[in-house]
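Structure, as structure tokens:
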Amino acid sequence: MFVDESREGELYFQRTANLSRGGMYLEHTIPHPVGTVVQLAFKLPGDSETLRARAEIVNAATDLGSLGMGLKFIDPPPAMIDKIEAFISKMTK
């Protein structure tokens, strides 16, 4: 799933390797420093609605073979969490 990630006027196009009700992991990217707050916009596969959330970088992989960063949603809207949980439930059946 692709994710638009922005901060301070910069826009990055990322790919997520893991999605949960609490956040996501963006893979194959040079991470921002832990504690950085970013804006996210993404569509769940099969859904036309763009979900938007603020997130904080909570961990970062810095080895050349495993660049990426973990993000925790900040005050996500309940409707977004419901959509994510429904999507995960559907994908794990």
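The values are calculated or read from the model by the stated rules, or taken from the named source; none is laboratory data. On a predicted model such as this, the values are computed, not experimentally measured, just so you know. Every residue, glycine as well, gets a Cβ built from its backbone with ideal geometry; the counts of neighbours run over all protein chains shown.
Annotations for the structure displayed:
- Complete set of residues in segment 1-48 that are under 16 Å from Met80 (Cβ atoms) and among the polar types (S, T, N, Q): Thr16, Ser20, Gln39, Ser48
- Identification of strands (runs of 3 or more DSSP E) wholly contained in segment 20-71 with 3 or more residues that are not aliphatic (A, V, I, L, M) yields 23-27, 51-61.
- Flag for Leu26 being crowded, with 18+ Cβ neighbours inside 10 Å and within 18 Å of Met91 (Cα to Cα): no
- Residue in segment 77-92 that is in contact (Cβ under 8 Å) with a residue 12 or more places away in the chain and assigned to a loop (DSSP other than H, G, I, E, B) present: yes
Condition check ((1) within 14 Å of Glu5 (Cβ to Cβ); (2) touching a residue at least 60 places away in the same chain (Cβ under 8 Å); (3) touching a Cys at 6+ places or on another chain (Cβ under 6 Å); (4) among the aliphatic types (A, V, I, L, M)) across all residues:
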{"residue": "Gly22", "(1), (2), (3), (4)": "no, no, no, no"}
{"residue": "Val34", "(1), (2), (3), (4)": "no, no, no, yes"}
{"residue": "Val38", "(1), (2), (3), (4)": "yes, no, no, yes"}
{"residue": "Leu44", "(1), (2), (3), (4)": "no, no, no, yes"}
{"residue": "Asp47", "(1), (2), (3), (4)": "no, no, no, no"}
{"residue": "Arg52", "(1), (2), (3), (4)": "yes, no, no, no"}
{"residue": "Leu64", "(1), (2), (3), (4)": "no, no, no, yes"}
{"residue": "Gly68", "(1), (2), (3), (4)": "yes, no, no, no"}
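- Any hit, segment 46-60, residues being of a type in the set (A, V, I, L, M), more than 20 Å from Ala79 (Cα to Cα) and at pLDDT below 95: yes
- Residue match in segment 1-18 (condition: in a loop (DSSP other than H, G, I, E, B) and modelled with pLDDT of 95 or more): no
This table checks each residue for (1) surrounded by 10 or more Cβ atoms within 10 Å (Cβ to Cβ); (2) under 20 Å from Glu27 (Cα atoms).
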| residue | (1), (2) |
| --- | --- |
| Lys43 | yes, yes |
| Gly46 | no, no |
| Ala61 | yes, yes |
| Leu64 | no, yes |
| Leu67 | yes, yes |
| Pro78 | no, no |
| Ile81 | yes, no |
| Glu85 | yes, no |
